[in-house]
Amino acid sequence: MPSIENLLNQLEDAKRRFDPSGRAQAENLLALAGEKDFSDIESLIRFHEALLFLRAHPHSEKVFRLTEKLLSGFSSRVERICARGADMTPFDYIEYSGIAGTILSGTFSYDIARWLVGRHTAQVEINWERYEKKTGIGAALARVLPLFYEDLLVEANIPHTDWLRAAMGKNDNALKWLLDRIDRLPMSEKEKSQLYDSLELPIRWEIGDGRASRTNNRRKPRNFFYHTGRMIQRKEVSLSMEIDSPPVELEKLSAIEGEEILDMTRETTTVRYRELYGITHGDGRNVVRADLGRGVEMFLWGLRPERRLPLRAYHAGFTLKNGVPINYIEGITLFERTEVGFNTFYTYREGESAWVYVRVLKLLNQIAGVTAFSVDPYQLGHHNDEAIESGAFWFYRKLGFRSTDPLLRKLMEREEKKIAARSGYRTPARVLRRLATVPAIYEHQGSIGEWDRFQARNIGLAVQRRMASEFGGDVSKMRARAMKQVGCALGINQSDLNSAEKIAFENLSFALALIPDVEEWTKEEKRDTVRIIRAKAGEDESVYARLLQKHARLRKAINRLGASQVNPCDAKAQRKHR
């Protein structure tokens, strides 16, 4: 039998070759590997990642069945290597965390902590050994433990765990007990979240051999796909053609099915130490499924109404390949522009990432009507060494994205000439870091460059400047003025709005009050703006996004606000003075 090192090298080679020779080699090597006893963690992890890739991209039914069998018993391999006294630290690295039979420790938000306790009660607990902020927990305990405040005020070394144990009685899970007490406090959900998050409690999660582990987290696909030919290469992918292709058939899931998908997604990301707003607060009632072909299915959803962003529409998504989770996405939309986040998990980055990516953008275009796709600098490599090392900027550029900065576009074009002229040339890291300092954008329709300077943050900053200059920093006064001003201009009677619509109206009023001529808009423009406000609180935010796209005057005004660092209130005063 080959050595473990040699076997893994061959297996990692075979997993990329989908010709008959590669298939035969993969089948043979998997059978041999099943008989091996992996004595070091690094080799065991390499084996695990190869198995997951082959489970998602099998050459044949035999490869599929062999990977299923080897993954189902993987936790016993972890137990054996642990029993030998091995250093288990590599299992906790973000690239490899979540393997069956391992333990992870991380800090999660209030909502995810509650979700973990509700779904994996017996496996999660506060990791006191890693808690370095023990004095910080005093603020929370003072709210739920009688007389604890006295100890907090006058004692130097407080035995926090003693107080907890005394109060818990027969309860044996401090995390669950504390979360239950915080949940009962007479505070808003936001205040409870802030209180818990301030504690920065590390949670110890014994993953065990359950479905939540990366090893076992998969579902049975409706249509299995075997790779009998080579994978789709990036150069074979056309974003323009993909967006222009016929609509993808969408299936609306039931609320129960939607929550099951959200739970699976939360498990998928949490064991990888990741947390995405749209996954934590996703709305199981509006999850849709799309079969993208080649064994790829995608689920897309919006936010619960009470968790929506003030201005932008939000969609999150989750992609499976032959039932195996391979990535998650988000699209944050205002008018026809959406900011796209796309994260393929480390194990699957040698797959058909470019093809999956353009299919995802096709879905966002179909659902929300977006035609301008913006990529955040972080995804390109800004303060992200991993993206610099992988040359992420060129991944997007070769799909048709461009820099939003004119000077950096010239730099980009110079680098493209070097790449074309010099075989083997690679853009230096320092140049990639410069290219990654501004967003990249792809425009499928409309005028090129309209959204180059736009940042939603600029609207928020303009609101802050108005609050400082006109209201002395008093947000309550500004809110009341904005709602009155916008309500009068649009003819809105707040008593006609339901609770969710009132929140949407309040949030949008901050931005609408910055537009100097709303009261001069036509009756139709005002009516359409009211429809937009109501749609923000509707069942599906894609309706809100599409209504925004139809309102040319509002689009122009918001685009100007987001592209400018100038205080619009000053401009308004100058206009009135003239």
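The values are calculated or read from the model by the stated rules, or taken from the named source; none is laboratory data. Given the structure is predicted, the values throughout are model-derived calculations rather than measurements. For neighbour counting, all protein chains shown are included, and Cβ atoms are generated from backbone atoms with ideal geometry for every residue, glycine included.
Quick notes on this structure:
Residue by residue, here is whether (1) in contact (Cβ under 8 Å) with a residue 40 or more places away in the chain; (2) of a type outside the set (Gly, Ala, Ser); (3) assigned by TED's automatic domain parsing to the domain that holds Gln123; (4) within 30 Å of Val78 (Cα to Cα) holds:
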{"site": "Arg219", "(1), (2), (3), (4)": "yes, yes, no, yes"}
{"site": "Gly229", "(1), (2), (3), (4)": "yes, no, no, no"}
{"site": "Pro246", "(1), (2), (3), (4)": "no, yes, no, no"}
{"site": "Leu250", "(1), (2), (3), (4)": "yes, yes, no, no"}
{"site": "Thr265", "(1), (2), (3), (4)": "yes, yes, no, yes"}
{"site": "Val271", "(1), (2), (3), (4)": "yes, yes, no, yes"}
{"site": "Gly278", "(1), (2), (3), (4)": "yes, no, no, no"}
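- Conditions (1) of a type in the set (A, V, I, L, M, F, W, C); (2) more than 21 Å from Thr319 (Cβ to Cβ); (3) touching a strand residue (DSSP E or B) at 6+ places or on another chain (Cβ under 7 Å); (4) part of a helix (DSSP H, G or I): number failed by Ile203: (4)
- The residues of region 242-259 that are surrounded by fewer than 16 Cβ atoms within 10 Å (Cβ to Cβ) and in a helix (DSSP H, G or I), listed by number, are Asp244, Ala255, Ile256, Glu257.
- Any hit, region 106-114, residues being buried (at least 16 other Cβ atoms within 10 Å of the Cβ), of a type in the set (S, T, N, Q) and under 29 Å from the mean Cα position of the chain (by Cα): yes
- Within region 144-167, the residues that satisfy the criterion of being assigned to a helix (DSSP H, G or I) and crowded, with 16+ Cβ neighbours inside 10 Å are Val144, Phe148, Asp151, Leu152, His160, Trp163, Leu164, Ala167.
- Region 551-562, residues that are without any contact (Cβ under 8 Å) to a residue 24 or more places away in the chain and either touching a helix residue (DSSP H, G or I) at 6+ places or on another chain (Cβ under 9 Å) or hydrophobic (A, V, I, L, M, F, W, C) (or both): Ala552, Arg560
- Sub-8 Å Cβ pairs linking a first residue in region 334-356 that is without any contact (Cβ under 8 Å) to a residue 12 or more places away in the chain and under 22 Å from Arg272 (Cα atoms) to a second residue that is crowded, with 22+ Cβ neighbours inside 10 Å and acidic (Asp, Glu), at least 6 apart or interchain, number zero.
- For region 497-519, the set of residues classified as assigned to a helix (DSSP H, G or I) and among the small types (Gly, Ala, Ser) consists of Ser499, Ala500, Ala504, Ser509, Ala511, listed by residue number.
- Tally of residues being in a helix (DSSP H, G or I), touching a residue at least 12 places away in the same chain (Cβ under 8 Å) and not small (Gly, Ala, Ser) across region 14-27: 3
- All positions within region 435-452 that are more than 15 Å from Glu336 (Cα to Cα) and assigned to a loop (DSSP other than H, G, I, E, B): Ala436, Thr437, Val438, Pro439
- Screening Met264 against (1) hydrophobic (A, V, I, L, M, F, W, C); (2) more than 30 Å from Glu450 (Cβ to Cβ); (3) in contact with a helix residue (DSSP H, G or I) (Cβ under 9 Å, 6 or more places away or on another chain); (4) outside any strand (DSSP E or B) leaves a single unmet condition, (3).
- Once region 321-340 is narrowed to residues that are closer than 19 Å to Ile532 by Cα and among the hydroxyl-bearing types (Ser, Thr, Tyr), the residue that is surrounded by the fewest Cβ atoms within 10 Å (Cβ to Cβ) is Thr338.
- Filter result for Leu548 (crowded, with 19+ Cβ neighbours inside 10 Å and in contact (Cβ under 8 Å) with a residue 60 or more places away in the chain): yes
- Residue within region 298-321 that is more than 13 Å from the chain's Cα centre (by Cα), at pLDDT 95 or above, under 28 Å from Glu68 (Cβ atoms) and not in a strand (DSSP E or B) present: no
- Within region 112-140, tally of residues that are more than 21 Å from Glu206 (Cβ to Cβ) and in contact (Cβ under 8 Å) with a residue 24 or more places away in the chain: 6
- Among helices (runs of 4 or more DSSP H) entirely within region 340-397, having at least 3 residues that are farther than 21 Å from Leu52 by Cβ and within 17 Å of the chain's Cα centre (by Cα) singles out 353-368, 377-380.
- Filter result for Ala504 (closer than 27 Å to Glu539 by Cβ, surrounded by 17 or more Cβ atoms within 10 Å (Cβ to Cβ) and of a type in the set (A, V, I, L, M, F, W, C)): yes
- The residue that is modelled with the lowest pLDDT, counting only those in region 455-499 that are buried (at least 16 other Cβ atoms within 10 Å of the Cβ) and more than 22 Å from Ala557 (Cα to Cα), is Leu497.
- Restricting region 170-217 to residues that are aromatic (Phe, Trp, Tyr) and more than 30 Å from Cys82 (Cα to Cα), the residue that is surrounded by the fewest Cβ atoms within 10 Å (Cβ to Cβ): Trp177
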